[in-house]
Structures are given as C-alpha cells and as structure tokens.
Amino acid sequence: MSDTEYRDCVSVEKTRRMLTRMRELLDKAEATLDPDFGTIHSDPVARRGNAAAIRADYLAKLQRVSGWVLRDAVADGLAHEMTWRWMGVSCQLPVGTLHRQYKAGGRIVVRDNVTQELDYTEPGQPAES
C-alpha cells in the first residue's frame with residue numbers, strides 16, 4: 001500500500017472504533033484490580049486468581065491498538081500537510097525514528113521517558129519547561 005493509499009483509508013469512524021476498543025481494554029484491565037475479580041467471573045483463569053496475567057493481556061492488546069491508532073494520527077497529519085518534523089515533535093519521537101517506523105508499515109511505538117509538554121499553537125516549537 002502506498003503512502004497516499006494509506007492516508008486515504010484513515011477515517012474518523014475507524015479511529016472512533018479503535019479509541020472505543022482502547023477504552024474497553026482499559027476498563028477491563030482496571031476491573032482486574034477489583035478484590036472480587038476472581039470470584040465474580042466464570043473465567044477459569046480468573047477463578048484461579050490470575051488477575052495480573054489477565055490484566056497484562058488486556059494492556060498488551062491496548063498497547064498494540066494504540067500503536068495503530070497513533071500511526072493513523074500520523075498519516076492524518078501528513079495528509080493535512082503537517083511536516084515530519086512537527087509530527088515527530090507531536091509524537092515526542094526523533095523524526096528519523098518516526099519516519100522509519102512509519103515507512104516500515106507497522107504500528108508506531110513511542111519511548112516511555114517523555115517529559116515535555118507541547119504548545120500546539122506554534123507547530124514545531126516545543127513549549128518551554
């Protein structure tokens with residue numbers, strides 16, 4: 001699939017479905033923290049008290065979905081004439097890393113040590129800390 005074809009397939013409805021799926025997964029993960037989780041579900045794994053493994057499953061799925069939704073957001077931004085540099089700033093990824101991940105055709109994964117807050121009124125310029 002070319003970049004143009006991919007950008008054309010990013011739809012608001014698809015994004016809404018993916019965001020809804022993310023909320024569902026997050027709610028399910030949070031439910032595993034309930035002290036009664038193992039007793040209120042008929043799932044045999046839950047009955048064994050393995051809530052942490054079930055939570056890990058939901059969170060892994062959430063991470064995969066979020067990477068695809070992030071890729072769609074990048075495609076949408078590029079389709080609306082945002083620059084790679086600004087999309088990199090927005091994702092808080094080095095532009096080379098973002099470009100590589102995007103061109104590879106998979107989901108976009110961000111690093112976990114981001115501390116910068118952005119001011120979106122001036123594209124390309126991170127807010128002063």
Looking at this structure, is Leu33 outside any helix (DSSP H, G or I), out of contact with any His (no Cβ under 8 Å at 6 or more places or on another chain) and at pLDDT 80 or above?
yes
Of the conditions (1) modelled with pLDDT under 90; (2) among the polar types (S, T, N, Q); (3) open to solvent by 70 Å² or more (accessible area, probe 1.4 Å), Gln63 satisfies every one except a single condition; which number is it?
(1)
Out of everything in the range 12-27 that is exposed (fewer than 13 other Cβ atoms within 10 Å of the Cβ) and not charged (D, E, K, R), what residue ends up being modelled with the highest pLDDT?
Thr20
Pairs, first without any contact (Cβ under 8 Å) to a residue 40 or more places away in the chain and more than 26 Å from Leu25 (Cα to Cα) in the range 64-86, second open to solvent by 20 Å² or more (accessible area, probe 1.4 Å) and of a type in the set (Val, Ile, Thr), C-beta under 6 Å, six or more apart
Trp84/Val95; Arg85/Val95
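Here is a yes/no grid of residues against (1) among the basic types (Lys, Arg); (2) part of a loop (DSSP other than H, G, I, E, B); (3) surrounded by fewer than 16 Cβ atoms within 10 Å (Cβ to Cβ); (4) at pLDDT 95 or above:
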| position | (1), (2), (3), (4) |
| --- | --- |
| Ala29 | no, no, no, no |
| Ala46 | no, no, no, no |
| Ala75 | no, no, no, no |
| Gly96 | no, no, yes, no |
| Val110 | no, yes, yes, no |
| Asn113 | no, yes, yes, no |
| Pro123 | no, yes, yes, no |
Condition broken by Ala56, with the remaining ones in (1) touching an Asp or Glu at 6+ places or on another chain (Cβ under 9 Å); (2) modelled with pLDDT of 90 or more; (3) surrounded by fewer than 16 Cβ atoms within 10 Å (Cβ to Cβ); (4) farther than 24 Å from Val10 by Cα satisfied
(1)
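The values are calculated or read from the model by the stated rules, or taken from the named source; none is laboratory data. Remember, it's a predicted structure, so these values are computed and weren't measured experimentally. So basically every Cβ, Gly included, is an ideal-geometry build from the backbone, and we count neighbours across all protein chains shown. These area figures cover heavy atoms from the full protein model, side chains too; ligands, DNA and RNA do not enter into them. Shrake-Rupley method; radii C 1.70, N 1.55, O 1.52, S 1.80 Å.
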